[in-house]
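All remarks here apply to the structure that follows.
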Amino acid sequence: MCGPDFRDGSGISAVLIEHCFMNNSHDVQFLDSEQDLKNLAKADADAIIEYYGLKLKSDVVSFIKIDKESINLLEGKTTKVNVTEITPVTAKNKNVTWKSNDEKIAKVDENGNVTAISTGKTTISVTSVNNPNVSKNIEVNVEKEEVKFEKQKDNILFGKEKTLNVKISPSWITQKNISWESSNNEIATVDNNGKIKAKQEGKATIKVTWKDKNLSDEIEVNVIKLSEDTKIEIKNYAVNDEKISKIGQKVKIVDFLKNINISDNLKVTVKTANEGQEYIGTNTKVIVSEKEHDLELEEYNCLIYGDINGDGKISSLDYTLIKNDIMDVKKITDNTMKLTADVNGDGKISSLDYTLIKNDIMDVKKITIK
């Protein structure tokens with residue numbers, strides 16, 4: 001027999017109700033016909049159903065279908081979400097309620113009309129009154145028509161190029177007729193993709209326009225020319241493609257900085273992968289900036305082979321990261337971490353790298369600094 005064996009009555013939920021006794025003469029009047037027994041049984045059943053709120057399966061809503069599961073709206077605009085199907089069709093109460101998770105972003109009325117209030121994302125839910133466990137969510141994204149630079153002013157080094165960050169919304173309009181122009185092409189030019197080229201020391205205004213909507217914004221670009229004797233020199237380490245290697249493990253930040261020579265008008269900022277660490281590690285950022293305008297000139301990323309987690313030393317933490325990657329428990333996705341996890345340099349992360357790190361930790365054989 002499959003499933004529970006209920007032949008002895010155990011395991012079956014039951015309610016014992018006593019109305020009268022056959023050996024009491026005055027109770028016989030309530031039990032002297034089959035119809036009387038049926039009436040008592042129906043009264044008992046109705047009371048149990050009412051007390052526990054029981055319903056026939058055919059009366060209970062089990063599914064709601066809607067015509068939209070995500071909405072993009074401009075501020076101030078309204079759209080309607082319709083309930084297109086409620087299952088089963090025999091459900092007696094097919095009413096639903098509507099609710100917004102954040103009415104500061106979007107509101108919804110009792111008929112499913114969704115109104116965008118302000119930019120952001122929220123969720124609208126529709127729920128069965130008959131069965132509150134059955135509901136559907138609608139993801140709402142509210143934006144406004146806008147052309148906006150990330151900042152009002154920006155600096156660029158003479159002879160360099162950079163692409164300006166500008167927000168052009170709404171995001172769901174993919175084809176936008178955009179134009180760019182510079183107030184002074186002798187100072188800085190701009191191409192159709194918003195990339196500016198610093199031609200001469202001075203200031204120029206860059207304007208971007210969304211022609212279809214007649215929306216635009218401007219940014220002031222300051223082209224800075226450094227003196228000819230400005231220098232950035234990194235000694236004792238290898239520098240290639242904006243990466244610094246041949247550092248080794250457990251190199252204190254203060255000692256590392258002794259190997260960087262810069263002009264008096266420059267400054268160096270070090271940003272470690274882990275807050276408060278004392279060593280230079282994988283993914284430590286070394287940023288060289290011009291002091292007066294806080295203009296970033298160079299950014300280097302540090303590599304220490306075997307130091308995968310970026311704390312500047314080779315330990316069981318790195319060992320575990322490689323083990324998890326090999327076993328597909330958790331893959332290493334960061335490109336710099338992947339590079340330093342490939343300790344033997346064969347272009348892949350494998351048990352060979354795992355073994356090299358293990359040998360380094362156990363002082364069997366230290367990993368070569370490269």
Quick one: compute a quarter of the convex hull surface over the Cα atoms of segment 90-142 and quote it in nm². 3.6 nm²
In nm, spacing of pseudo-spin labels at ASN236 and ASN184 (7 Å Cα→C-beta vector): 4.5 nm
Find how much the distance from LEU317 to LYS252 grows on full extension, using 0.36 nm per residue of separation minus their present alpha carbon separation; answer in nm with one decimal. 21.5 nm
Spherically averaged projected area in nm², based on the convex hull that wraps the Cα atoms of the chain: 36.1 nm²
Could you derive backbone 3J(HN,Hα) for segment 244-257 from the dihedral phi with the Karplus parameters 6.51, -1.76 and 1.60 (θ = phi - 60°), listing whole Hz in sequence and x where the residue is Gly or Pro? 10, 10, 6, 8, x, 8, 6, 9, 5, 4, 4, 6, 4, 5
The chain: calculated mean residue ellipticity at 222 nm from DSSP helix runs of at least 4, using -39500 (n - 2.57): -4500 deg cm²/dmol
Cα gyration tensor of segment 282-370 - equivalent ellipsoid semi-axes, whole Å, descending: 29, 14, 10
Residue-wise HN-Hα coupling along segment 154-164, computed from phi with Karplus coefficients 6.51, -1.76, 1.60 (Hz; x: Gly, Pro): 8, 10, 9, 7, 3, x, 9, 10, 7, 9, 6
Which of the GluC sites (Glu not before Pro) across segment 40-100 are loop residues per DSSP, with 15 or fewer other Cβ within 10 Å? GLU69
Could you give me the radius of gyration and the Dmax of segment 120-159, taking only the C-alpha atoms into account and expressing both in angstrom? 21.7, 69
Springs between alpha-carbon pairs under 10 angstrom, Gaussian network model over the chain: which of ILE178, ILE49, ILE117 fluctuates most? ILE49
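At 1.4 Å probe radius, can you tell me the per residue accessible area of the chain in Å²? Intermediate results must be reported in sequence, preceding the final value.
Working: 23290 Å² over 370 residues.
Heavy-atom SASA per residue in the chain reads 63 Å².
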Interchain or sequence-distant (5+) residues whose placed amide H lies within less than 5 Å of the amide H of LYS250 are LYS313
Using 1/(1 + (r/R0)^6) with R0 = 45 angstrom and r between the beta carbons of PHE63 and ASN274, what's the FRET efficiency to the nearest 0.05? 0.40
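The values are calculated or read from the model by the stated rules, or taken from the named source; none is laboratory data. Fair warning: this is a prediction, and the values are worked out from it, not measured in the lab. Cβ: placed from backbone, ideal geometry, glycine included. Neighbour counts: every protein chain shown. SASA here: full protein model, heavy atoms, side chains in, ligands and nucleic acids out. Shrake-Rupley method; radii C 1.70, N 1.55, O 1.52, S 1.80 Å.
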